[in-house]
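Below is one structure, written out as structure tokens; the observations come after it.
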Amino acid sequence: MFAWNTTAFKTADRVARRPQPELALSQVAHGIVAGTNVATPIGWRPVESVVAGDQVLTFDGGMQTVVAVERLTVFPETHGESYEDWPLHVPAGALGNREDMVILAQQPIMLESDAAEAIYGDPFALVPAAALEDFRGIKRVEPEGIIEVVRLRFAKDEIVFCNVGGLFHCPATSDILGRIFGETVAPEYQVLPMAEAELIVACLENVRVDRRVCAPH
């Protein structure tokens, strides 16, 4: 059902938007970079074409309705970004993605790992994208020009499919949800601290997990 289709939604078809504040990458911890495709009932669509009320395929909940969309514009050349904030280039296939993609350094990514199951009792772990540097060809890239970032908000935390196999965390925030539903929502997923995330990624580098190295301390 989700045949790859990038021709139906051209950049020229984007809805005109009001100017955004000149944000730095350090001010935008998470979000999906424009040009990344997400799965919807009518196929794969660029995330920037999604609006509130649309449905997007999620890892645990199937199709879920987007309740709000935040659109942020980042001006890295204006702010002189530090290396730690540079986004990462993910070559096709590195995370199950069919095409190359760019991800923000602090965007949480879900990985499936024997080490995570050994340590936490769950084979799926959320790690900051920065922990993936040098994994399967994933590299930092110096940002150039303007970067458009989209945040999809759902009624609760969700993991969405990006570029087929990439799994991106979309957190629900209490301020937005409070305005919409009059209540706060507890996080559904926990992101591993960087040290633990790097351990999980290091274990993924090995075909056979050494449980003595990847055991909890």
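The values are calculated or read from the model by the stated rules, or taken from the named source; none is laboratory data. Just so we're clear, the structure is a prediction, and the values are computed from it rather than from any experiment. So basically every Cβ, Gly included, is an ideal-geometry build from the backbone, and we count neighbours across all protein chains shown. Calculation scope for accessible area: heavy atoms of the full protein, side chains included, ligands and nucleic acids excluded. Shrake-Rupley method; radii C 1.70, N 1.55, O 1.52, S 1.80 Å.
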With the condition kept exactly as written, say whether any residue in segment 83-105 is acidic (Asp, Glu) and within 23 Å of residue 26 (Cβ to Cβ).
yes
Within segment 99-121, tally of residues that are open to solvent by 20 Å² or more (accessible area, probe 1.4 Å) and touching a helix residue (DSSP H, G or I) at 6+ places or on another chain (Cβ under 6 Å):
0
Output the residues belonging to segment 131-152 that are in contact with a Lys or Arg (Cβ under 8 Å, 6 or more places away or on another chain) and part of a loop (DSSP other than H, G, I, E, B).
133
Could you tell me whether any residue of segment 58-65 is under 18 Å from residue 169 (Cβ atoms), among the charged types (D, E, K, R) and in contact (Cβ under 8 Å) with a residue 60 or more places away in the chain?
yes
Within segment 78-123, which residues are in contact with a Phe, Trp or Tyr (Cβ under 6 Å, 6 or more places away or on another chain) and aliphatic (A, V, I, L, M)?
110
Look at segment 46-98 and say how many of its residues are in contact with a strand residue (DSSP E or B) (Cβ under 7 Å, 6 or more places away or on another chain), surrounded by fewer than 19 Cβ atoms within 10 Å (Cβ to Cβ) and among the charged types (D, E, K, R).
5
Under 6 Å by Cβ, and 6 or more places apart or on different chains, what pairs join a residue from segment 105-126 that is closer than 15 Å to residue 202 by Cβ with one that is open to solvent by 10 Å² or more (accessible area, probe 1.4 Å)?
113/204; 114/209; 115/209; 116/123; 118/211; 119/216; 125/111; 125/192
Going through segment 153-176 in order, the residues found to be in a loop (DSSP other than H, G, I, E, B) and at pLDDT 90 or above are 154, 155, 156, 157, 163, 165, 171
When residues of segment 90-133 are filtered for being more than 17 Å from residue 169 (Cα to Cα) and of a type outside the set (Gly, Ala, Ser), how many remain?
9
Take the residues in segment 1-18 that are within 23 Å of residue 97 (Cα to Cα) and exposed (fewer than 10 other Cβ atoms within 10 Å of the Cβ); name whichever of them is modelled with the lowest pLDDT.
7
Got at least one residue in segment 19-35 being in a strand (DSSP E or B), modelled with pLDDT of 95 or more and under 16 Å from the mean Cα position of the chain (by Cα)?
yes
Checking the condition over 15 Å from the mean Cα position of the chain (by Cα) and under 15 Å from residue 37 (Cα atoms), which residue from 155, 118, 92 passes?
92
